[in-house]
Amino acid sequence: MNAAHPTAAQPCKDQVKGQITNTSRNTLVDPYPGPGDLPLGRQPERQHRLLVILGMPVHPAAHPPLIILVGHSYGGAVITAAGTDDRVAGLVYISALGPDETETSQSEQEKFPQTPVFGQIEVADGRIWMLPSGAPCFCGDLPEEEQKIVWATAYPPSVELFARNAPGVAWRTKPSWYIVANHDQAVHPDLERAAAKRMGATTYDIDSSHVPMLSQPGFVLDVIRAAAAGV
């Protein structure tokens, strides 16, 4: 997730894993990719981000499986780098960052107005913590009890995380799909639209908060399946 944004990874895993794995495709849903955990990656520290990897069914004797990477929020920066691997066939961004080779995750965000969630953070012990009052900015279209769960299961990112990116910009050469969250108060919706446009991504807009995979999981799953069918 982008700066100051804790993760909705575990609730999202619970929400989508059963549905997305109920397909003919080999699927890995990992909300916590870190060093050595990401099959394709070279990430500087434990990211605590949603990562969905879809292995496309191909004849095992002919080719290794093709892969679609799905990243939410800061996870978009993760898949932008990891997606340069030759095994990756496509990328799906969910209200996500997508920096190019000249940007960090932070500098990409600085090109757009600051979102309300940044007024609901605290920096301590080298990490960025979202205050309980920030939950409505992050996932305000969820019921109050679910917002509390998202906040309580959040993992605070390092203050240094967003000033560096792993090398590689996969969306320059790989087909991309992008879900824009129109009511996002974490990653600015205008950033999302601009990122999708420069990627040349197939773009879907939805009236949701920063976490459409929690508030409207069926919509998100349909986009992921469309991407899987489109490569």
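A short reminder: the numbers here are calculations on the coordinates, not readings from a lab. Source: prediction; values computed, not measured. In this analysis, Cβ positions are derived from the backbone assuming ideal geometry, glycine residues included, and neighbour counts consider all displayed protein chains.
Computed from the Cβ-Cβ distance with R0 of 45 Å, the FRET efficiency linking Glu145 to Asp86 stands at 0.55. Between amide H atoms placed 1.01 Å from N, distances below 5 Å from Ile94 occur with Gly71, His72, Ser73, Ile179, all of them 5 or more places distant or on a separate chain. In plain terms, the residue of Tyr74, Tyr93 with the fewest other Cβ atoms within 10 Å comes first and the most crowded comes last, giving Tyr74, Tyr93. Residues of the stretch 100-133 with an amide N closer than 16 Å to a point placed 7 Å from the Cα of Ala194 along the Cα-to-Cβ direction: 100-116.
Each of Ser208, Ser215 has some number of other Cβ atoms within 10 Å of its Cβ, and from fewest to most they run Ser215, Ser208.
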